[in-house]
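The values are calculated or read from the model by the stated rules, or taken from the named source; none is laboratory data. Note that the coordinates shown come from a computational prediction; the quantities given were computed from them, not determined experimentally. Ideal geometry is used to build each Cβ from the backbone, glycine not excepted, and the neighbour counts take in all protein chains shown. To get the accessible areas, we keep the full protein, side chains included, count just its heavy atoms, and leave off ligands, DNA and RNA. Shrake-Rupley method; radii C 1.70, N 1.55, O 1.52, S 1.80 Å.
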Amino acid sequence: MAYDEDKQLTDRSGEDQASEPGEARPNESARKKWGNPAANLGSFLKLLRQAEFSRPMLVVAILMSVAGTLAGLVVPMFTKNLVDGFSMSSMSWGHMTGIGLLFLMQAVISGLAVYMLNRVGQHLVASLRERLWTKLLRLPVAYYDSHQTGETISRLTSDTAVVKGLISEHMSGFLNGIISIVGSVAVLLYLDWRMSLMLLIVIPLSFAIMGPLGRQMYRISKGMQDENARFTAVLNRVLSEIRLVKASNAEKAEFENGRQGIISLFRYGLKEAKVQAVVYPVMSVVMMLLMVVIIGYGGMRVSSGALSAGGLVAFILYLMQILLPISQITQFVTQLQKAIGATETMIATLALEEEDRATGAPVADAARPIRLDRVSFAYKEGEPVLREVSIAMNPGKVTAIVGPSGSGKTTLFSLLERFYEPVEGAILLGEERVDGYSLASWRGRIGYVSQESPVISGTIRDNLGYGLEREATQEEVEHAARMAYADGFIGELPDGYDTEVGERGIKLSGGQRQRIAIARALLRDPAVLMLDEATSSLDSKSEIEVQKALSNLMQGRTTLVIAHRLSTVVNADQIIFLDKGIVTGTGTHEELVQTHALYREFAAHQLRMQDQEGPGNWQG
């Protein structure tokens, strides 16, 4: 794709300031809630110190870099003596061997130092990625409500790669450059302090140039990393739902969404190129001018006898050992600014409060009533989803929750799973608050089958045993599959339980995925069952079979069912009717038919649906 940067990018600049439908843009309220990240050199260094890597290896690598550079500083002095006393008789094998061994030693030591620094850098970045990955797994669900998956993935991969480049590729050049410059300047002052003073002018001049350019590079890098994260989020969203995109003829719209990210990244790339277009030519001109001045002035010093020819040659060689590292230091400073910008969100993410899965008592007895005591909840302040909900669910009984779409049924399940904490009120097991139990223990006692029937990439066996603390036996796996009426279609697959299901279970039908999810819950042998429209993807025959299996499983367990079908709730021990986050009715099917107008409408609608085409969904 070709871009006319003077027209095409300028024309779109106004549009880039606002979000377009479907485009990934930051959620400002979420940024306020989860913190506005800010990074500087201090916080960046603190992040590196917290990472795990071999400190002794780093010290050894630095010392070897010093040794290698010091060995290189001796070479010009050898050259000086060789030039000043040059004659065929002075060219001994001893001199030649000494110089050769010096070069070899410098190469070996420098190579080992570079390898060790790279090894330290790889360990450091691996440690950062492990910390981020652990943090992302421990962050509460509320974090992911306000952060797109693709953006989060970009932070874990692209941002850490920038840090890896700084440590592995530029750190050794920076350290060697500093040592080379300091050592060379010291020797030059010894050789000829007048010429050395001219050389010292270039060092403050270089930093004067790099200071403002480095700050500009930081801003560019920060914007580029943010835009790269947003672009990754768009790609992740579109490609993960490619069938929806194609079925909806949305290719053109999604092309424009992705194109905006491409253009924005292109613009940032041009800004970066402009900075580099200033840095490298200016530094080259400064270095060349300095070289010309030194050679000219040095020639005059040699003519006057104040400096030997060998001294001038050594001076030029030392000058090269100063000028070349300045370029390396310049690249390091530029990469450092990029790394600081890239780690802003990383630092903020690591500072977020995570779920504490271990703290709290284990759930010793889950066969007790579960009660919601005046529970209220809102995803956003001032927009309540549940309002003073009070429910009692008895052990061994089936409680069905029904109501129009958007009434808060799934939110209620999320609170019971402790994905969120109530804004007001409390959830109790018996007489004890559930937030007093450890998250791992509480969730370990719950079997949850959601409406979406999530299936991970892998085999059917992987999906059935997902999350179990121990590997299930073949007999246990087959028993769970039979109970969920999934053994029939699994047996027909070419590899049985070892059949790959594809990304998000795409190789399975909706009903098959649902039965895999039910079998997964059965395999956990939970004390509490939570079924979020668990039979929604099944045909009438399969639904009857799975209902039988679920009826057997429900015996002796506290069961909560979200359902839109009359057949699912008609035999429940208790039905809770939710409407706009408020409990408006509680009772059995017969009681609610008599006393609750909306439930009576629901039941009548379901009966009509069954008469016409079998079980259907109530849209409310």
Going through region 441-460 in order, the residues found to be surrounded by fewer than 20 Cβ atoms within 10 Å (Cβ to Cβ) and either farther than 25 Å from ALA481 by Cα or among the polar types (S, T, N, Q) (or both) are SER441, SER450, GLN451, SER457, THR459
Being open to solvent by 50 Å² or more (accessible area, probe 1.4 Å), over 30 Å from GLN606 (Cα atoms) and hydrophobic (A, V, I, L, M, F, W, C) narrows ALA339, ALA351 down to just ALA351
Listed by first then second residue, the pairs whose first member lies in region 387-407 and is within 20 Å of LEU428 (Cβ to Cβ), whose partner is among the aromatic types (Phe, Trp, Tyr), with beta carbons under 9 Å and at least 6 positions apart or on separate chains, are ARG387/PHE377; VAL389/PHE377; ILE401/PHE413; ILE401/PHE577
Restricting region 461-476 to residues that are assigned to a loop (DSSP other than H, G, I, E, B) and not hydrophobic (A, V, I, L, M, F, W, C), the one least open to solvent (accessible area, probe 1.4 Å) turns out to be GLY465
For helices (runs of 4 or more DSSP H) lying entirely in region 150-250, having 2 or more residues that are closer than 24 Å to LEU270 by Cβ and at pLDDT below 75 picks out 202-240
GLU421 fails exactly one of (1) open to solvent by 60 Å² or more (accessible area, probe 1.4 Å); (2) part of a loop (DSSP other than H, G, I, E, B); (3) in contact with a Lys or Arg (Cβ under 8 Å, 6 or more places away or on another chain), namely (3)
Matching residues in region 402-418 (within 22 Å of MET554 (Cα to Cα) and open to solvent by 30 Å² or more (accessible area, probe 1.4 Å)) number 1
The residue that is most open to solvent (accessible area, probe 1.4 Å), considering only those in region 364-401 that are of a type in the set (Gly, Ala, Ser), in a strand (DSSP E or B) and under 24 Å from THR568 (Cα atoms), is SER390
Considering region 112-139, residues that are farther than 30 Å from GLU421 by Cα and β-branched (Val, Ile, Thr), and then whichever is surrounded by the fewest Cβ atoms within 10 Å (Cβ to Cβ), we arrive at VAL114
Checked ILE562, ILE576 against criteria (at pLDDT 90 or above and open to solvent by less than 10 Å² (accessible area, probe 1.4 Å)); the one match is ILE576
Exercise for review: Determine whether region 345-358 contains at least one residue that is among the hydroxyl-bearing types (Ser, Thr, Tyr) and over 30 Å from SER43 (Cβ atoms).
Suggested key: no
Report task. Inspect region 533-540 for any residue being modelled with pLDDT of 80 or more and open to solvent by less than 70 Å² (accessible area, probe 1.4 Å) and give the result as yes or no. Result -> no
Please verify whether GLY258 is modelled with pLDDT of 75 or more, in contact with a Lys or Arg (Cβ under 8 Å, 6 or more places away or on another chain) and assigned to a helix (DSSP H, G or I), treating the condition exactly as stated.
no
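Please specify each residue of region 486-524 satisfying the condition of being open to solvent by 50 Å² or more (accessible area, probe 1.4 Å), without any contact (Cβ under 8 Å) to a residue 40 or more places away in the chain and either within 11 Å of PRO454 (Cα to Cα) or assigned to a loop (DSSP other than H, G, I, E, B) (or both).
PRO494, ASP495, ILE506, LYS507, SER509
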Checked region 140-171 for anything within 19 Å of GLU344 (Cβ to Cβ), surrounded by fewer than 18 Cβ atoms within 10 Å (Cβ to Cβ) and in contact (Cβ under 8 Å) with a residue 60 or more places away in the chain; matches are SER146, ILE153, SER158, GLY165
When region 302-318 is checked residue by residue, the ones that are assigned to a helix (DSSP H, G or I) and open to solvent by less than 40 Å² (accessible area, probe 1.4 Å) are GLY310, GLY311, LEU312, ALA314, PHE315, TYR318
* **Some residue of region 275-298 being of a type in the set (S, T, N, Q) and outside any helix (DSSP H, G or I)** => no
